[in-house]
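I have placed the structure first, in the form of structure tokens, so that the comments after it can refer back to it.
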């Protein structure tokens, strides 16, 4: 035991407090860094002892100063995994709400420019034609309004189709998958996977037992969090500091190796984009993991574009719109051309101005397929010669039947009846009530997604503040630490200078 | 319970408060600007459906109103024609009464025959009345002249016969149809001079004319025609009365349809239109909350730091 040993202790204390200040400074500088976990210096007294004096009864032990035990990184594995889970769900709902509101905007009938407005003009034209069945201008008007309905169907159908193509591509359009949202999101997820595997490798390389590189860990945690925004992620920590990562049970990263790569390929009309998993050798190990992606924004994109009808999807909306287009055109075509209860639908021959059997359909499909919202169009013959529209319906075997009965409006009355009574083609709904059901359904489902998003957002912000409470930086706390270490540093320096003075005294004793 | 908070968390929380107040503020301003409570279906799905159904109902009712007003125009033309026919028949009746007294000489009867022939012409031209380009007494053969002279004498009816599907119907409410025409053969009948057969007042008038022109005059036929002409006047008047009743019915229906429209409009307005006073109050409240959250945020973010006291 000597003065120099006190000086050594003081010197070491200076170094230790300097290091502690360093950590505080690092914390403060990273106060706004996303994903940064605060660090704390854990000090401990040196366990080596030194004895005072020579005589046995004076024997006492004193410590040999302070040491940095470790620099602790504040994390909470449970909160982090919980946060990731909630974040995945939040991003799923957020993406879904965006897409739903897009669908709702397309199908917004409340602004008076939608399909209902087209139906209204159509039935008004039918009323006018009903009053003047042989009048050419009433017929032209009717043909125009029929055209308006078809074009509105086309417009809505293609808006929905474009929205879906932008999400998952269209199997019939070359290159549409590569420019789709799911493609870019999957590419992003693959980049994240790669970076996480690289971070794993770096962590294993740099860390020594018990000493983990905080900065790298923070980076990796941030990457995992970003990945969890896209897909559901779960991780298992290894003893060497690396993590194994899996997507809903499918292993993607094992230690420093990325064992799985996501791959998007074009599928079918009902499932345009299929996500597969390839292993290290590029072999496909999972041929379709779409159903595994039940959370995260990639999952939302897949679900909103999928065929399932329970939740609001673009495809289910398209299917309903197609059904309406098909049902409406079937009803109108049936009334236009078919013999019903022995009575024949009758158009007017424009040359003789006499009734003649109506053979031309009003609606037809532009591509030969079954009529849907996209391919519905008005028969061009009807547009050219509106006299081909059947306004009359008579029993031709009736001895009183006369081809001159061009004032007969029985067929138009049947058209008008479509508005009041349901038709079997549309599940016993009338076209307009089918439409309002459909719009109401979209509204209800969008509202339900929105309210889920709202509550999920509250949950996420709660979890986020909990996580932040465990890992984040508080300036006041750092300021107190700063002051604390500053004081300790000043005091240690004082001890050193006192010892120095005493040494001077000793050195001057001999003069 | 959180025992420790961080600067990032505080900042984010304050940002969230401001955001949520701002979103609410924007929503209310948008409602006020559009004067509508429901902008997209998800704002209130049930009411959205109701609004769409009301729109459809209102457009239907407006269609019925239009139908009835068009029909009333046509019915007034029809009524005028029927009135003229009645007065023509009345005149024929007077002539027949005059002719029936056997004191008239041949010359007198000849001039009466000329008058009767003119009445026949007149009645036929009334039977060919057109409205809006359509022959109104032709049943549904609205493009064909219903009463056409036959080369062998007389007049034939080429419209839809009264036993056939002559009716032209209009819709005046859901599923309720009203016929707005009467077939010409029921009204006037026809006459074939070659076979001397026919029906209705035309047959009577033609035969009356023939009886007056005959030498010697056929007083039996003239006397017999008196009852028939009276019968024709009665049936024409009956038809007139029926259509007058229908016009009255249209007027009544119009009133009730207008009432329904008014009700639907107010119902729709209740669901769709904004209560401006409530919205303005809401906006003021939200503005207050927004201001408060910003004031708090600026305090928390700028001032509350230990550094200020060192």
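One table, with the values for the structure above:
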{"read-out": "Compactness of the range A:129-200 as Cα Rg over 2.2 N^0.38 Å, two decimals", "value": "2.17"}
{"read-out": "Global size of the range B:27-75 as Cα Rg and Dmax, reported in angstrom", "value": "16.9, 53"}
{"read-out": "For the range B:76-246, the fraction of alpha-carbon pairs in successive 10 Å shells from zero, as %", "value": "10, 38, 32, 14, 4, 1, 0"}
{"read-out": "Distance between the range A:450-511 and the range A:384-427 - C-alpha centres, whole angstrom", "value": "90 Å"}
{"read-out": "Label-to-label distance, nm, for residues given as residue A:311 and residue B:296 (7 Å Cα→Cβ offset)", "value": "3.3 nm"}
{"read-out": "Projected-area mean, chain A, by convex hull of Cα positions, square nanometres", "value": "35.8 nm²"}
{"read-out": "Mean shadow area of the range A:292-411 over all directions, Cα convex hull, nm²", "value": "10.3 nm²"}
{"read-out": "Per-selection Kirkwood Rh - the range B:148-302 (Cα, Å, 1 d.p.)", "value": "22.3 Å"}
{"read-out": "Enclosed volume per residue, in Å³, of the convex hull spanned by Cα atoms of chain B", "value": "173 Å³"}
{"read-out": "Calculated FRET value between residue A:151 and residue A:68, using beta carbons and R₀ = 60 Å, to 0.05", "value": "0.20"}
{"read-out": "Prolate/oblate/rounded label for the range A:414-511 (Cα gyration tensor, a/c 1.5)", "value": "prolate"}
{"read-out": "For the range A:325-386, convex hull of alpha carbons as volume per residue, Å³", "value": "80 Å³"}
{"read-out": "Rounded tilt (10° steps) of B:106-127 against the dominant C-alpha axis of chain B", "value": "20 degrees"}
{"read-out": "Dimensions in Å of the range A:72-123 - Rg and Dmax from alpha carbons", "value": "21.7, 76"}
{"read-out": "Cα extents of the range A:454-511 along the three principal axes, largest first (Å)", "value": "84, 13, 6"}
{"read-out": "222 nm mean residue ellipticity, helices alone, for chain B (DSSP H n ≥ 4; -39,500 (n - 2.57); rounded to 500)", "value": "-24000 deg cm²/dmol"}
{"read-out": "Kirkwood-type radius of the range A:368-416, with distances r between different C-alpha atoms, in Å", "value": "13.3 Å"}
{"read-out": "Viscosity 1.306 mPa s, temperature 10 °C, Stokes-Einstein D of the range A:76-183 from Kirkwood C-alpha radius, µm²/s", "value": "90 µm²/s"}
{"read-out": "Rounded Å value of the spacing that divides the Cα centres of the range B:29-93 and the range A:73-149", "value": "28 Å"}
{"read-out": "Percent RCO, i.e. relative contact order, over the range B:113-189, from Cα pairs under 8 Å lying at least 6 residues apart", "value": "24 percent"}
{"read-out": "Crossing angle, helix A:136-168 versus chain A [Cα axis fit, 0-90 degrees, rounded to tens]", "value": "20 degrees"}
{"read-out": "Dimensionless Rg/Rh of the range A:228-319 - Kirkwood Rh, Rg from C-alpha atoms", "value": "1.06"}
{"read-out": "Inter-part distance where the range B:146-209 and the range A:255-287 are each reduced to a Cα centre, Å", "value": "81 Å"}
{"read-out": "Degrees between helix A:214-228 axis and first principal axis of chain A (Cα, 0 to 90, nearest 10)", "value": "10 degrees"}
{"read-out": "Globularity index of the range B:13-55, i.e. its alpha-carbon radius of gyration over 2.2 N^0.38 Å", "value": "1.50"}
{"read-out": "Relative contact order [Cα under 8 Å, 6+ residues apart], the range B:14-160, whole percent", "value": "12 percent"}
{"read-out": "Label-to-label distance, nm, for residues given as residue B:150 and residue B:287 (7 Å Cα→Cβ offset)", "value": "8.8 nm"}
{"read-out": "Inter-chain Cβ neighbour average for residues A:431-440, partner chain, 10 Å", "value": "5"}
{"read-out": "Within the range A:261-275: backbone nitrogen closer than 14 Å to the residue A:194 label point (7 Å, Cα to C-beta)", "value": "A:261-263"}
{"read-out": "Test item: B:31-41 mean partner chain Cβ contacts at 10 Å", "value": "3"}
{"read-out": "Rg in Å to one decimal, and Dmax rounded to a whole Å, for the range B:6-143 via C-alpha atoms", "value": "36.8, 127"}
{"read-out": "Within chain A, helix-based [θ] at 222 nm, where runs of 4 or more DSSP H residues each add -39,500 (n - 2.57), nearest 500", "value": "-19000 deg cm²/dmol"}
{"read-out": "Test item: B:289-299 mean partner chain Cβ contacts at 10 Å", "value": "0"}
{"read-out": "The range A:98-148, Cα convex hull volume normalised per residue, Å³", "value": "58 Å³"}
{"read-out": "For chain B: relative contact order, % (alpha-carbon pairs under 8 angstrom, 6 or more apart)", "value": "26 percent"}
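Bear in mind these aren't lab numbers, they're just calculated from the coordinates by the rules spelled out. Note that the coordinates shown come from a computational prediction; the quantities given were computed from them, not determined experimentally. Positions of Cβ are generated from backbone atoms using ideal geometry, with glycine treated the same way; all protein chains shown enter the neighbour counts.
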